[in-house]
1. Note the angle between two axes, namely the Cα long axis of helix 289-307 and the longest principal axis of the Cα atoms of the chain, as a number of degrees from 0 to 90, rounded to the nearest 10.
2. Where in the chain is the longest stretch that carries no GluC sites (Glu not before Pro) classed as loop by DSSP and with at most 13 other Cβ atoms within 10 Å?
3. Per residue of the stretch 56-69, in order, report the coupling 6.51 cos²θ - 1.76 cosθ + 1.60 (Karplus, θ = phi - 60°) as ³J(HN,Hα) in whole Hz, putting x for Gly and Pro.
4. Round to the nearest 10 and give me the degree value, 0 to 90, for the angle of helix 257-268's Cα axis relative to the longest principal axis of the chain.
5. Quick one: putting +1 on the C-beta of Lys and Arg, -1 on the C-beta of Asp and Glu, what dipole do you get for the stretch 1-66 around its Cα centre, in Debye to the nearest 20?
6. Taking only Cα atoms and a 10 Å spring cutoff, compute GNM fluctuations for the chain and point out the largest among Ala301, Ala150, Ala229.
7. Measuring from a point 7 Å past the Cα of Asp32 along Cα-to-C-beta, which residues in the stretch 87-106 have an amide N at less than 17 Å?
8. Around Phe36, which amide H atoms from residues at least 5 apart in sequence, or from another chain, sit under 5 Å from its own amide H, with H modelled in the peptide plane?
Amino acid sequence: MRIGMLTSGGDCQALNAAMRGVVKGLSHNLDDLEIFGFYNGYRGLIYGDYRKLTNQDFSGILNVGGTILGSSRVPFKTIQVPDENGLNKIEAMKQNYYDLNLDCLVILGGNGTQKTANLLRQEGLNIIHLPKTIDNDIYGTDMTFGFYSAVEIASQSMDCIHTTAASHNRVFVVEIMGHKVGWLTLYSGLASGADIILLPEIPYDDKKILEAIQKRKQSGKDFSIIAVAEGAISKQEALLSKKDLKQQRKKEKAPSISYKIANMIMENSEFDARVTIPGHVQRGGAPCPYDRILATRLGAAAAQCILDKDYGNMIGIINNKIERIPLEKVAGKLKYVDPESDIVKEAKCIGISFGD
Ligand code: F6P
């Protein structure tokens, strides 16, 4: 059996653990396994940049961050556009797959990656998708690997900010990754006792943020922690088109949402505000045990799926059970935080403001 493998999109923790799970699951059950690793995501598949790998390549990587195959972003909308030399990328990917006589291609990636994976499936390739991302926004699976490792890092950042915020009686705005969804901000905000949590799914009102900070002051707490997702928007901004929002943000000249909120607080209150952006630190380093376990389980289940020749699936986890989910049912959809969900209600119940 000949298997291709690639990791595409923004990296995250436990990519190596997942690939190790697939390879161990297959090699444990097959004598004739051949593995081809494509470098830097779809780029490797398009341009035939690959290497034959052995079991040895997947040894000792369970707890290693990043990806031994490298990654890149090749957005779905550009995949259908020929490259600068007129190369048809989809045909090139198919050709490399057929030239290597692959039985299946295992693709580890997030939403964009999944859309291309589904396209390749429609084009007739045997595809298995493993859902990775620190954003946990992949539809059809309760959890993605990478998420809890990032939650841990973001929470630790906020824990550190907490002590200095308290010493100086300051408001700290901590910007957490997540342009479209707020899972990481919600979970790390809850884990580290943020006072205000701002998510793309729940547009905020400046006044409510100011009220929440003042309320804390009145109760004797002169500092506040605001966890804000990269993609958080105000109620006024929610009325704008994507294009108009982009233009308005450009005019405001704040480098990012956290600066916009910190500036607003300083202009409208007596509070001193500071910004902290953990950034790509959230995607780096060793996976936490939960992610290692999830990635290993998904990898093993992917191997079983390949052994069963049951292609065209994402391997996800639903109610702690590993499931095969047809790609056609999930590709192109995002999993958002529901503003009416229990977790948001529970957070509100203990006094956390969502600025709404
Ligand atoms: O998709 C994962 C993610 O880390 C998002 O949370 C973040 O918005 C984005 O990638 C950052 O992308 P890049 O690494 O291309 O700057």
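1. 30
2. Numbers: sites that count: Glu84, Glu123, Glu270, Glu340.
Free of exposed loop sites, the longest segment is 124-269.
3. 4, 5, 9, 8, x, 10, 4, 10, 9, x, x, 9, 5, 9
4. The angle comes out near 0 degrees.
5. Roughly 80 debye, rounded to the nearest 20.
6. Ranking Ala301, Ala150, Ala229 by mean-square fluctuation puts Ala301 first.
7. Residues 100-104 fall inside that zone.
8. Result for Phe36 returns Ile3, Gly4, Met5, Leu53.
The values are calculated or read from the model by the stated rules, or taken from the named source; none is laboratory data. All of these numbers come straight from a predicted model, not from anything done at the bench. Here Cβ is always computed from backbone atoms with ideal geometry, including for glycine, and neighbour counts include all displayed protein chains. Please note that ligands, DNA and RNA were not included when accessible areas were found on the heavy atoms of the full protein model with its side chains. Shrake-Rupley method; radii C 1.70, N 1.55, O 1.52, S 1.80 Å.
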